[in-house]
Structures are given as structure tokens and as C-alpha cells.
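What follows is a short report on a single structure.
The values are calculated or read from the model by the stated rules, or taken from the named source; none is laboratory data. Just so it is clear, the structure is predicted and the values come from calculations on it, not from any experiment. Methodologically, a virtual Cβ is constructed for each residue, glycine included, from the backbone with ideal geometry; neighbour enumeration extends over all protein chains shown.
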Amino acid sequence: MTIRAIWSHEEILGAEGLTRRSVLRTAAAGAAAGFAAPFMPMRSARAEIGGELQIMAWEGFQLDAEGKEWREKHGVTVDVVAIGNQDDVQAKFVAGNPPPIDLAEYNQGYDKLYIEDLKIISPLDESKIPNYNAEDIFPGFYKRPTWYKGGKLWGVPWTWGLNSLIYNPAAMAAPTSYTDLLKPELKGKIALVDDTTATWPAAVRIAGLIDKFPNLTKEEMQKVFDNLKTYRDHARVIALTYGDLISLMVSGEVVALFCGWSGIPVETGKQGVVTRYAIPTEGAVMWCDAWFTPISVDNSDTAHDFINLAVDPAVQAQTAKAVTAGAVNRKALDHMDDATKALFDYGNLDAVFKAAPLYGIPPRESDTYATYSDWVDAWNEFKVG
Amino acid sequence: MNRKHAAGRWLASPLALFMLLFFVVPTLLLFVYSFWRAHTFQLEVDLTLTNYLKALTTAIFYSVTWTGLKIGFITATISTAVSYPVAYYLVFRTRGNIVLYLVLVSWFMSYLVRVFAWRTILGSNGIVNSGLQALGLIDEPLSFLLFSPFAVVVTLVHILLPFTLLLLVSALRDVKVEYLEAARDLGAGLGATFFRVLLPLTLNGVIGAFMFTFVLAAGDYVTPQLVGGRQGITTGVLVANQFKLTGNWPYGASMAFLLLALFLFVYFLVIQLTKVARLAPGSRFHDAA
């Protein structure tokens, strides 16, 4: 008996216009693409808003509630890496092959380091951030050198506020001076926090050298830490992060913080513990955070739209209320309640920033002043005691 | 090379390759970096001992390294001493593993959860202080329970004891029970049986368990910071700060390798001490004929 194949191999290929050579060629190309794909540079932009957005943000500043509608509308999933310290941010991007983070924040003192020294920022496309415009944004936050250099927009400032004294009103009277923390009954009940952008300027302020900050000589820097030792020795702990500090205040381990972010009362409030922030007579320390797209940005269009959302008037008002911070968009005032509006003198922001300027960070290199490295070494010695 | 050896090499080669690529090569790279310089996160090729000299002439390096060594030594000693009788019980006194499982179940919990659990237990308003105050034994919370070396050791022993126990169980399982019976038959008491038979036979396991726990505890810098307060700053913090804050990788690498050299010295010291104490296996307890 003879068995005949219904279709021969060549008949099948021929019916589809294929030849053995063309199939092998296509298969080889596919295999080569498969092996090469992981090494191909990532596409820096997608044509639409959506997908996964990876951001690095301070706790409470990731627009969880404020961005809910936007996320649902565009089908965006936001993955957040919390920032414990501003220096956590550059650590992600300085090594080769940084992670595909689309957005991060930088404190006003880090502009030169990120933009000029480390070059870890990808310039923004202003046309994709229409809410950031000269008409709506307060002049102090619109295209100032901290965020706009060489004709390019590197960061969009979106929130600002005060780092100041935080205390538990049920455990102590409202402080009017940093020295109130040194009362005997508060021994072992206060904390400092390992956030150098807050603690260093506050320490410099109480040492009476704030007009010189961040350019202090080594002797002046040492004087600052010598003066701060009194608070350290009176403290229970130097908390690692604000999250750590919040858990300590909620558990009652500490009742006051030397200097911290003004949104802490909101976070302790969520856990049923009332805390308040107080601006002592020595003054507070101003901060301003800006969104930027790192060099590893993958979902650029969505990142730009997120930034646009962050400076939207209604979102600005919600954020200001949620974290007791200031807005950069003047139209946000129309959406604020009276209490939020009263947080800062929006009618005279120049005076606000004159009383509490935005400070930079110590220079990375200098023959005259204590460098950032000197400050880190001194801070480590201070923590060890 | 016979087939058995060849098969063994083939089986081990994937892991060996992995270790070579992702441990040995990076470690060698870091070692090379430790002789370079850095300038605002930019590495500059050089061949200098500046980083090592800077670390060795900085008081804080000695201070935090000593803190780490103390934490490591105390944690390793307590873990090993507590684990040994438990391991003996598991190997020679019981057939079941329920005690072992109870110890190992803590591994199912995240490392950080366990650390924060101890913060809750030892805190001013925690279980211990609340209990002691309720019993009228103290009027004020005992502040030394948390943010102290005590808290660090308690937490690290809790975390590392399962490792020590497993290593000692493994070592004790190699000991034939007949040796212990022979020692008793020859008139050796419990102490003599332990020091002259059991301990020497399990010494490699004991040293392994001790050093494993010591290195992990002395090198840890998360737990000491979370529960140790100011006494919780160890060398790891200095190293991390150089990599994260100042971008001075060479300086950070030099401190890391100085710590490695110190650990190797401690290991050498432990071996020598066991020889001096005549605990090493194979030691003769009488003159050779």
C-alpha cells in the first residue's frame, strides 16, 4: 500500500508564497530581535496618556486623593517610591542603567547638582504643561533660575511650605521658641529627624548664622552643631524618616519634633493623634519641591500630564489643604477654604519669602566654605555624639 | 577527573558562575574603586591610599566600628549559646520538629515588621513598660528598653537566632550518639562529655554559626538605627552616606573593605582561641606514644 501525503512540505510553503529561504530569513530576524530587544534604548515617549507611571515622591505628596479622577479617566496606574531624604533621589540615577522612573521631586537646593553636575534631569516640554504659565503662576515660581536654565524648563515647582516645630498639644503647651523644647519635663520626649534639608537650616537659624547659609566656614559649621548638641542630648532619638517620626508621635514615644514638615499633623491626625505645627520666634525654614522627569523617563507624556495636574488650580487647593502647604497657582485661591487661604499671606508672597527664604545646600566644592561632604561628616559625628 | 567529580562540577557551575558575575566581579570592582578619587559623584581613576588613610584617621570610624563589633559579638554569643541546647534537644532528645518549626515561623514575617514589633514591645507605652507599671514594679517607663544597645541586641538575636539554630542542628546531626555514650561509659560527666567530646566534634558548626551571626549583626545598619538611637550608628551608615549623599564611592568602598579585613581578623582570632583552648578537632589530650 502506498501512502501519499496530502500536502508536501514544499506545497504548503508555496501556497503561502513562502520559500524555505524566506522562512529561515524571517525566523532569524525574529530571533535576533528577541535577543537584542533588552539592549535597545527605551522609547522616551509614548503617543498617549495612560499606562504605568513610576514616581518618587515624599510621603503624602503623590496626589493619591487629588489625582484619583485623573488616574481613572486615563487608566493610569501610579507606582510610588517614597522619598525619605532628598539624597535618596540622586542615588537612583547616578549609577549606570537607572530604573525607569518617570517622575521625581527635587528640593530647591538641589537644582545645580541635578541639572548641571549630575545631569540626571530630562528637560520638560512646556507645551505639555499648559497650567504652568506666566499668567496663572505666582512670579516667584515661574521660570526662576532654580527651575529654568539655559532656555529650558527642568523642573516645575508645585508645592512649598514651612519646616517648623511640631508638637502634641495634649502633652505640652504650645511652644513659642525652640528653647521651649529644652524644658526639663521634655527631657527624652523630643526628637530630631534625619532630614538635612530641614534640620540643618533650622540649626543654623538658632545659631544665629542663617544670613550666611549655605556658605558657612568650617568653624561656623562646627558652631552650629555645637549649639545643636543641647537639643540632641535632650532628645529621645533622631528619627530616620518622617514616617518613622510620625509613628513615634502616634505611639507617644515623643511629643515634639525640633523641625519638620508642616504636613505631619495631617498624617498623625489620620491615626487619631492631634499634633500641631508652631512657628517659633526664631523663625521657620521654607522649602519648595519641583517635579522633574529623570533621564530614565519612560512614560513621558503621562509624566507631563501628571505635572500639569499637580499645578491645576483645584488640585493645588486640595493639596495645600491636605499637607498644610502653599500653592504656586494663584487661581488655586478661588478653590481654597478660608483656613487654607490663611496659611500664608498670598497677597504679599515677597514678604513671606523675605522672612523665610528658600535656601540652597552647602557647596559640593569650595576652598573657603564647608562643603556638603564636610556637613555630612559633621552631621554623622553629631548623630553619634 | 572521574565522572563523579565532573558531574559535581557541572552541577555547581551555574551557582559558581552566578557568584562570579554578581559577587566576585562587583567586589573586585569596588576594591579597585577604593583606590580612586571622586568629584561630585564622578569617579576619577587614580591609585591612592587617601581613602583608607582618611578612614583610619577619623575618630568616628573607630567609634561606629567598635559599636558594630560589640553588637555583633554580643548578638552572636547569645544566639549561639541559646541555640546550642535547643539544637541538642532537637537532635538527641526528640524525634519531632515542632520546636524547630516554632522558631522558624518567625521567618514568615518581614524583617522590618519584626523590628517595628520590638519597637512597640519595648517602647515607653509598650507591653513591657505597661505591664511593669500595671504590676506596680515601676513608676516611670524604663527608657533604656528602647533606643539603646539592649534593644538592638534583643531585636537582632530574635532575627538571627533561627539561622544559628539551623547551622547548629546541621552540625550536631553529624555527631554519632555512640561517641557520647562511649564518653559516659568511660566515666565522663556531663561537662567533660560536652567540652571534650561534643564541642570539639561540632566546633566547625559552632564557629560557622557564631561568625555567620557576628558578620550579619556587626554589618547591619538598619536595625541599629531603628531601635538603637544614637548608639545605633554603625559603619554601614558611614558607608551608605558616602554612596548616597556625597557620591564619594571610593571612600565608602575603602571603609567597607576595612570592615571586611576586620571581620577576617576576628575569624582568625576565633580560630586561634579555639586552638589555645584545645577545642579544635584532632587535638591530642595526651602525649603521643
Taking region A:319-357 and keeping residues closer than 20 Å to A:TYR110 by Cα and surrounded by fewer than 19 Cβ atoms within 10 Å (Cβ to Cβ) leaves A:PHE353, A:PRO357
Here the residues within region B:5-47 that are of a type in the set (S, T, N, Q) and under 26 Å from B:GLN242 (Cβ atoms) are B:THR27, B:SER34, B:THR40, B:GLN42
Please return the ranges of strands (runs of 3 or more DSSP E) entirely within region A:233-303 where 2 or more residues are within 14 Å of chain B (Cβ to nearest Cβ) and on the phi < 0 side of the Ramachandran plot. A:235-239
Would a scan of region A:158-174 turn up a residue that is farther than 30 Å from B:LYS244 by Cβ and touching an Asp or Glu at 6+ places or on another chain (Cβ under 6 Å)? no
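Would you check which residues across region B:270-287 are surrounded by fewer than 10 Cβ atoms within 10 Å (Cβ to Cβ) and either assigned to a helix (DSSP H, G or I) or modelled with pLDDT of 60 or more (or both) and list them?
Matches in region B:270-287: B:VAL276 only.
Quick grid of which residues meet (1) more than 28 Å from A:VAL323 (Cα to Cα); (2) in contact with a helix residue (DSSP H, G or I) (Cβ under 9 Å, 6 or more places away or on another chain):
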position: A:TRP154; (1), (2): no, yes
position: A:TRP160; (1), (2): no, yes
position: A:ILE166; (1), (2): no, yes
position: A:ALA170; (1), (2): no, no
position: A:PRO175; (1), (2): no, yes
position: A:PHE213; (1), (2): no, yes
position: A:GLU220; (1), (2): yes, yes
position: A:LYS229; (1), (2): yes, yes
position: A:HIS234; (1), (2): yes, yes
Among (1) out of contact with any Ser or Thr (no Cβ under 6 Å at 6 or more places or on another chain); (2) away from chain A (no Cβ under 14 Å); (3) in contact (Cβ under 8 Å) with a residue 60 or more places away in the chain - the single one B:TYR33 does not satisfy: (2)
If you check B:ALA183, B:ALA188, which single one turns out to be closer than 30 Å to B:ASN97 by Cα, more than 14 Å from chain A (Cβ to nearest Cβ) and either part of a loop (DSSP other than H, G, I, E, B) or modelled with pLDDT of 95 or more (or both)? B:ALA188
Checking A:ALA317 against (1) modelled with pLDDT of 95 or more; (2) of a type outside the set (Lys, Arg); (3) closer than 30 Å to A:ALA203 by Cα; (4) under 23 Å from the mean Cα position of the chain (by Cα), the condition it does not meet: (3)
Here is a list of conditions, (1) touching an Asp or Glu at 6+ places or on another chain (Cβ under 8 Å); (2) touching a residue at least 60 places away in the same chain (Cβ under 8 Å), and A:PHE258 meets all of them except one; can you say which number that is? (1)
Of all residues in region B:63-99, count the ones that are surrounded by fewer than 16 Cβ atoms within 10 Å (Cβ to Cβ), touching a residue at least 12 places away in the same chain (Cβ under 8 Å) and farther than 19 Å from B:PHE212 by Cβ. 2
Kindly indicate whether any position in region B:196-216 is in contact (Cβ under 8 Å) with a residue 60 or more places away in the chain, surrounded by 20 or more Cβ atoms within 10 Å (Cβ to Cβ) and assigned to a loop (DSSP other than H, G, I, E, B). no
Against the conditions (1) modelled with pLDDT of 90 or more; (2) surrounded by 13 or more Cβ atoms within 10 Å (Cβ to Cβ); (3) away from every other protein chain (no Cβ under 13 Å), where does A:TRP58 fall short? Just the number, please. (1)
Out of region A:363-385, which residues are in a loop (DSSP other than H, G, I, E, B), within 11 Å of another protein chain (Cβ to nearest Cβ) and within 26 Å of A:TYR106 (Cβ to Cβ)? A:PRO363, A:ARG364, A:GLU365, A:THR371
Condition first: more than 13 Å from chain A (Cβ to nearest Cβ), farther than 21 Å from B:THR234 by Cα and in a helix (DSSP H, G or I). Now tell me which residues in region B:125-157 satisfy that. B:VAL128, B:GLY131, B:LEU132, B:GLN133, B:ALA134
Only one of these is surrounded by 20 or more Cβ atoms within 10 Å (Cβ to Cβ) and within 14 Å of chain A (Cβ to nearest Cβ): B:LEU160, B:LEU168, B:LEU122, B:LEU172. Name it. B:LEU122
Do we have A:PRO139 as surrounded by fewer than 16 Cβ atoms within 10 Å (Cβ to Cβ), away from chain B (no Cβ under 13 Å) and within 22 Å of A:GLY360 (Cβ to Cβ) here? yes
Of the listed residues (A:ASP211, A:ASP226), the one being among the acidic types (Asp, Glu) and in a loop (DSSP other than H, G, I, E, B) is A:ASP211
For region B:198-249, name all the residues that are more than 14 Å from chain A (Cβ to nearest Cβ) and among the hydroxyl-bearing types (Ser, Thr, Tyr). B:THR202, B:THR213
Subset of region B:134-148, residues out of contact with any strand residue (DSSP E or B) (no Cβ under 7 Å at 6 or more places or on another chain) and within 14 Å of B:GLY123 (Cα to Cα), comes to B:GLU140, B:PRO141, B:LEU142, B:SER143, B:PHE144, B:LEU145, B:LEU146, B:SER148
Are any residues in region B:62-84 over 27 Å from B:PHE257 (Cβ atoms) and either modelled with pLDDT under 95 or hydroxyl-bearing (Ser, Thr, Tyr) (or both), and if so, which ones? B:SER83, B:TYR84
Any idea which residue in region B:139-163 is nearest to B:TRP107 (Cα to Cα), counting only those that are among the hydroxyl-bearing types (Ser, Thr, Tyr) and either touching an Asp or Glu at 6+ places or on another chain (Cβ under 9 Å) or at pLDDT below 95 (or both)? B:SER148
Looking at A:ARG232, A:ARG205, can you tell me which residue is in contact with a Lys or Arg (Cβ under 8 Å, 6 or more places away or on another chain), charged (D, E, K, R) and either modelled with pLDDT of 95 or more or surrounded by 14 or more Cβ atoms within 10 Å (Cβ to Cβ) (or both)? A:ARG232
Tell me, yes or no, whether region A:331-349 has at least one residue that is in the same structural domain as A:THR197 (by TED's automatic domain parsing), assigned to a helix (DSSP H, G or I) and touching a residue at least 40 places away in the same chain (Cβ under 8 Å). no
With respect to A:VAL297, determine if the residue is among the β-branched types (Val, Ile, Thr), over 27 Å from A:PHE141 (Cα atoms) and modelled with pLDDT of 90 or more. no
